[in-house]
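The structure appears right after this line, and notes come after that.
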Amino acid sequence: MEFFVKSGNPAKQRAGCVIAGVFARRKLSPAAKELDEACKGALSQAMRRGDIEGREGETVVLHGLSGLVCDRVLLVGLGRERDFSDKAYIRATEEAVRAVRKTGAVDAVSYLTDLVVRKRDRRWTVLRAAMASGALGYRFVQCKSKPDPDHSKLNRITFNVPSRSDLAEAEEALRTATALNAGMVLTRDLSNLPGNRCTPTDLANTGRELASSYRSIKTTVLDEKKMENLGMGALLSVSKGSREPATFTVMEYMQGPKKAKPVVLVGKGLTFDAGGISLKPAQAMDEMKYDMCGGAAVFGTMKAVAELGLPINLVGIVPASENLPDGMANKPGDIVTSMSGQTIEILNTDAEGRLLLCDALTYVERNYDPDCVVDMATLTGAVIVALGNHATGVFANQPALAKSLITAGDYMGDRAWELPLWDDYESALRSPFADVANVGGREAGSVTAAVFLHRFARKLRWAHLDIAGTAWTQKPKGATARPVPLLLQFLTQRLHESS
Ligand code: BES
Ligand code: MN
Ligand code: ZN
């Protein structure tokens, strides 16, 4: 799908479809009013006949309107004008694009981006419209011998803005959305691939491919031998139970000022998590192919940033492994030594993500002097109990960092919510035999996981995103590419804060 922006009269658009909104109680939006006047009240007539009321999500296609030069007009309900905010705007955009895709239209001009959305500017309406439209066209067909045909012919959407003076901002928003969509496709594709088609080696190869596609990205892959030399005993203890070797991918994108400290992103890359000897139940175990969504988000964010050519310093790190039961696998009670030197008693082999991440955090501390580090992981089922599928859980040892991530997520509709990192929870991880245990018992599972990681991030400005509830959906089954939007907005936001 290609996107454009323009500022023009809706009645004069030569296109397969012109999209305009109607507020509840049959109130035409400004663009719809212009269309209505040009076609001598045909839109008002459709409303009078009861074809559309303006309720959220309603759509109607009108053909053959004299006075207009487009093939059709698609009207979409916007809900009550007083309540018109993010949610109604995105809903209208999605329903409109869905409806246009069902017609024969090849191109469309949308006047929804003209609307005033409470607390949002023009960059936002265009960015979010292009994101929503891009996401609707996504299909995962890599594993089908004959992909289901996509009947939609729609391949071009132009977003209209009210005035020519909005065009520069709108163009920037489009560039961002296009780069973001490309990054999100990479993330979703990697995430949706099953464990046998996306191994730790495949993830490392993804990092290498990014380096060959973008001169701005430099990739280094550590193999198990190198990890052993570095003392990554926690990470390697997980991969011991698998025939697939662990990989540790480091991508550097240094396009910012020389002296600017980098942001480091770390993503959990468990290409399949069966739980190990603490085996998971069979129910929905296939979904544990998604246990590398954190890693996939790091790759996708690197891609989006490189596409955009953001003038920042960014490092992406993806520690990757499988977690399987095996004669060589970790056993409950085993004690391993992490790269930091801290010993860990593995009481539950299914709490493996933190074993990868702790060594990755120590690697960051030893090799970089970052401005901040954000890790993301499908770390705990407990975060789904706490927040469901709506919000990512955020933990941070710096309130400003948490706030900044939450604000970025809110802007992108990729929301996150803070949970506590208080030291009150530390006692749950006491071990009689090692420095720390890898699990803390039934209560507050997401918090104790974060508190465990914090022991390895004390010297860093650090945040942890638990994306177990948000990285994929069950109905329909598929990856969401969250938190890529949040991260890209976070990185863009910082750029404006520092300049
Ligand atoms: N990858 C899982 C977390 C998970 C579970 C994500 C379900 C999404 C859906 C993680 O490795 C894990 O198994 N965590 C355990 C931790 C427990 C043993 C303390 C969990 O959440 O049950
Ligand atoms: Mn697990
Ligand atoms: Zn896991």
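The values are calculated or read from the model by the stated rules, or taken from the named source; none is laboratory data. Since this is a predicted model, take the numbers as computed values, not measurements. Cβ placement follows ideal geometry from the backbone for every residue including glycine, while neighbour counts extend to all protein chains displayed. With ligands, DNA and RNA removed, areas are computed over all heavy atoms of the protein, side chains included. Shrake-Rupley method; radii C 1.70, N 1.55, O 1.52, S 1.80 Å.
To put it simply, the accessible area of region 180-498 at a 1.4 Å probe is 51 percent carbon and sulfur. Every helix of 4 or more DSSP H residues in the chain counts as -39500 (n - 2.57), and over all residues that averages to -11000 deg cm²/dmol at 222 nm.
Packing-based ranking of 404-410, 1-7 yields 404-410, 1-7, ordered from highest to lowest mean Cβ neighbour count within 10 Å.
Ignoring lysines fewer than eight residues from Lys144 along the same chain, the ones with Cα atoms less than 18 angstrom from its Cα are Lys289, Lys477. Entry comment: accessible area of region 180-498 is 39 Å² per residue, from protein heavy atoms only and a probe of 1.4 Å.
Within the same chain, lysines fewer than 8 places from Lys225 are excluded, and of the rest, those with a Cα less than 16 Å from its Cα are Lys240.
Each of Met376, Phe433, Phe84 was placed along the dipole of the chain (beta-carbon charges, centred on the mean Cα), and the one lying farthest toward the positive end is Phe84. Given their separation in residues at 0.36 nm each and the Cα-Cα distance between them, Val385 and Asp150 gain 81.0 nm when the chain is fully extended. With both labels modelled 7 Å from their Cα along Cα-to-Cβ, the Phe433 to Thr201 distance reads 3.4 nm.
Entry note: region 2-162 has Rg to Rh equal to 0.97, where both radii use alpha-carbon atoms and Rh is the Kirkwood radius.
Given 37 °C and 0.692 mPa s, how large is the Stokes-Einstein diffusion coefficient of the chain in µm²/s, with Rh as the Kirkwood radius over Cα pairs? The Stokes-Einstein estimate is 138 µm²/s. Its relative contact order, with pairs defined as Cα atoms under 8 Å and 6+ residues apart, puts region 51-120 at 29 percent.
Per residue, how many Å² of accessible area does region 2-162 show with a 1.4 Å probe?
48
Straight-line reach from Lys459: taking Cα to Cα under 18 Å and skipping same-chain neighbours fewer than 8 places apart, the lysines in range are Lys261. Protection proxy ranking of 223-230, 129-136, by the mean of other Cβ atoms within 10 Å over each peptide's residues and highest first, is 129-136, 223-230.
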